[in-house]
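Enquirer: Quick one: the structure is below, and I'll ask about it shortly.
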Amino acid sequence: MTCEVAPPHGADHTLIEERIRLVKDYCDAINITDNVRGIPTMDSGICAHFILKTGAEPIMQMSARDRNRVLYESQLYGAYALGIRNIVFITGDHSLLGTHPQTKTVFDLDSVQAIQLAKHLMGGTDLSGAELEGVPEFFLGATFNPFADPLELQAWRVEKKRDAGAKFFQTQAIYDLERFQIFMTKVRPLNVKVLAGIIPLRSKKMAQFMRTRIPGMRIPDEVVSRLEKAGAGLESKEKKAAICAEGLLIAEETINAVRNIQGVHGVHIMSVGWEESIPGLVEACNLYPRPILR
């Protein structure tokens, strides 16, 4: 059981500590995101350090969008020195999707190569072959999107990431259960550890934004319709509460469904700023923290 929290959009580190306290007793480890959609937030490694200070286990995300290989190496050394042991490597959304569309993206390495780099450092030398003054040891993770096409290519990338050194995978948010089941038949033979991604929806607008603006996101019309019907005929405050309740119910149903899919080893809840939703979901689905990452 893992979950995800957002870093502060600024320099107030007490916000990350407040968010962690909401969820730390309901999961085994906590992802800290890395400038999602190219929107600048507090550094994921610094946030992971503050997660450790609360007594929780962090999973630091690292995006290929903003880093070259020199920065990867430098930040991985620093992360290990701070006590961070779990790293998830992602390609990263293009900055055109965020608030700084003029940003020059890097993509010096893709996510597969970044995993290879981290594994190489664990062997005691940097990419130039120079011996390290202190060798890091990480538990490496990656992501995959069961809804991107072509399906065979996405399954092949899971295999490449596994071979590069990834020990666990967190998926894109799941709403299309039929497609997810099909994809899992492709990756089950790879014997990878999969944490199924869940994002509870708070509004019809959120659902429509995600399926039109977030690459590879599939949200069926039925899900959007359920959110719309939940708030029909209600006043503003009651309408919002009803829609949120329906979004949580959809998430609960999805969690219970993916738990029965062979090859799924855990659940990863992405709160998208709604950390308060995580304890209730964990309790509703009887998801109790169990050692997954260590």
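Enquirer: Using just the C-alpha positions of the stretch 193-294 as equal point scatterers, what log10 of I(q)/I(0) does the Debye formula give at each q in 0.18, 0.21, 0.23 1/Å?
Expert: Treating every Cα as an identical point scatterer, log10 I(q)/I(0) equals -0.91, -1.17, -1.32.
Enquirer: Let me have the relative contact order for the chain, percent, based on Cα pairs under 8 Å that are six or more residues apart.
Expert: Contact order relative to length: 20 percent.
Enquirer: Which order do the peptides 125-135, 15-25 come out in when sorted by mean C-beta neighbours inside 10 angstrom, highest first?
Expert: 15-25, 125-135
Enquirer: Same structure, new question: Which of Asn256, Asn191, Asn145 moves most in a GNM of the chain, Cα contacts under 10 Å?
Expert: Per the Cα network of the chain with a 10 Å cutoff, Asn191 tops the list.
Enquirer: Another question, then. I need the per residue convex hull volume for the stretch 1-121, using only the alpha carbons, in cubic angstrom as a whole number.
Expert: 100 Å³
Enquirer: Label Ala81 and Thr105 with points 7 Å out from Cα along Cα→Cβ: what is the distance between them in nm?
Expert: Each label point is offset 7 Å from its Cα along the Cβ direction, giving 3.1 nm.
Enquirer: If you build the convex hull over the alpha carbons only and average its shadow over all orientations, what do you get for the chain? Give it in nm² to one decimal.
Expert: Mean projected area for the chain: 15.4 nm², to one decimal.
Enquirer: If you take every DSSP beta bridge whose two residues both sit in the chain, what share of them, in percent to the nearest 5, is antiparallel?
Expert: 5 percent
Enquirer: Nearest 500 deg cm²/dmol is fine: what mean residue ellipticity at 222 nm does the chain get from its DSSP H runs of n ≥ 4 alone, each adding -39,500 (n - 2.57), divided by its residue count?
Expert: -13000 deg cm²/dmol
Enquirer: Compute the convex hull volume of the Cα atoms of the stretch 169-227, divide it by the residue count, and report the result per residue in Å³ as a whole number.
Expert: Measuring per residue, one finds 78 Å³ for the Cα hull of the stretch 169-227.
Enquirer: Separate question: Put +1 on the Cβ of every Lys and Arg and -1 on every Asp and Glu Cβ in the chain; which of Gly231, Val194, Ala130 then has its Cα farthest towards the positive end of the dipole?
Expert: Gly231
Enquirer: Between the stretch 40-80 and the stretch 221-248, what is the separation of their alpha carbon centroids in Å?
Expert: If we compute the Cα centre of each part, the gap is 37 Å.
Enquirer: Quick one: check the C-alpha center-to-center distance for the stretch 149-213 versus the stretch 113-128, whole angstrom.
Expert: 26 Å
Enquirer: Place the peptides 4-12, 114-122 in order of packing, highest mean first, counting for every residue the other Cβ atoms within 10 Å and averaging per peptide.
Expert: 114-122, 4-12
Quick note: the coordinates plus some simple rules give every number you see, no bench work behind them. Note that this is a predicted model, so its numbers are computed, not measured. Glycine also receives a Cβ, built like all others from the backbone with ideal geometry; neighbour counts cover every protein chain displayed.
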